[in-house]
Amino acid sequence: MTIPSVPSPASSGHLVHADPLAGADSGISAAYEVANKGDRALTYTILFDFTTDSGAVMGNRSETVRSVAPGTTRRGTVRLGVPAPGSSRVTRIKVAQVTKVPAAEAPPAPGVCPPSGLRLTADAGDAAMGLRVVGLRLENCGKRDYALGGYPRLELLDDDLAPVHGVRILHGSGGISTGGGFDDPARPLLLKPGESAVSGLMWRNTTGYGTPISVPYVRVRAKQGAAPVTVTPQLDLGTTGKLGVRAWAREAS
């Protein structure tokens with residue numbers, strides 16, 4: 001971990017130093033390593049928190065380490081960069097979250113078009129009063145038209161990427177909430193190169209009787225037979241056991 005030192009008081013008892021320029025790099029960084037002890041290549045995403053001594057988070061950065069082969073270790077460096085205006089001094093860096101997906105099913109890097117010619121990604125989601133919504137976006141980044149219709153095909157996976165049971169996947173809102181286009185009827189689409197479609201997942205994290213269900217990973221296929229992409233929406237379904245899915249719709253230009 002590299003954290004620039006604070007100037008020490010001069011012998012006169014006065015502390016004399018230049019304040020950092022606004023927009024200047026903090027110089028704060030940490031070296032890290034990722035070891036794949038499994039039996040298949042994985043892509044890891046690590047969220048780092050930059051904190052004060054008391055644990056207050058002054059900033060965070062996400063690093064994606066792609067295609068780590070079984071039995072190998074990869075190393076990298078994460079940097080805070082420019083701190084937020086008015087933030088307190090950072091003294092610690094910690095790993096806040098780690099997710100891992102099969103390398104062949106990882107969402108593509110920004111600006112990269114997969115061999116399938118389709119770029120499927122999930123957004124950071126939205127939350128309000130216990131309601132959670134995560135958007136899915138499918139972009140035709142290839143050179144051919146792509147026929148699409150209905151709903152994305154989903155597989156719910158646990159921390160070990162094994163199937164999660166006991167969840168009802170419902171087409172539409174399933175009574176979870178209204179609005180957001182979740183109950184719009186499914187229609188056939190033809191995505192030309194450069195065009196996109198959107199879908200989404202909806203759930204509530206209400207907890208009542210029973211065991212709460214957590215789904216950290218969702219394997220998504222745009223349609224039956226399509227190449228899978230595993231996303232990490234972190235579904236905390238509470239005890240409702242219901243997940244609503246929006247039909248694919250053409251993205252508004």
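The values are calculated or read from the model by the stated rules, or taken from the named source; none is laboratory data. Since we're looking at a predicted model, the values are computed, not measured. Heads up, the Cβs are rebuilt from the backbone with ideal geometry, glycines too, and the neighbour counts pull from every protein chain shown. Areas reflect the complete protein model, heavy atoms only, side chains present, ligands, DNA and RNA absent. Shrake-Rupley method; radii C 1.70, N 1.55, O 1.52, S 1.80 Å.
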Failed item in (1) more than 22 Å from the chain's Cα centre (by Cα); (2) within 20 Å of GLY174 (Cα to Cα); (3) not in a loop (DSSP other than H, G, I, E, B), with GLY208 passing the rest: (3)
Index of the failed condition, ASP145 passing every other in (1) closer than 20 Å to SER214 by Cα; (2) exposed (fewer than 14 other Cβ atoms within 10 Å of the Cβ): (1)
Boolean, GLY208 is small (Gly, Ala, Ser) and either in contact with a helix residue (DSSP H, G or I) (Cβ under 9 Å, 6 or more places away or on another chain) or open to solvent by 30 Å² or more (accessible area, probe 1.4 Å) (or both): yes
Any hit, segment 120-136, residues being closer than 30 Å to ALA30 by Cβ, under 13 Å from the mean Cα position of the chain (by Cα), touching a residue at least 40 places away in the same chain (Cβ under 8 Å) and surrounded by 18 or more Cβ atoms within 10 Å (Cβ to Cβ): yes
Where TYR151 falls short, out of the listed (1) modelled with pLDDT of 95 or more; (2) in a loop (DSSP other than H, G, I, E, B); (3) open to solvent by 60 Å² or more (accessible area, probe 1.4 Å): (3)
Residues (open to solvent by less than 20 Å² (accessible area, probe 1.4 Å) and touching a Ser or Thr at 6+ places or on another chain (Cβ under 6 Å)) located in segment 44-66: THR52
Residues of segment 67-101 that turn out to be under 23 Å from VAL215 (Cβ atoms) and open to solvent by 70 Å² or more (accessible area, probe 1.4 Å), as a count: 3
Filter result for the condition that a residue is small (Gly, Ala, Ser) and within 17 Å of PRO228 (Cβ to Cβ), over GLY117, GLY174: GLY117
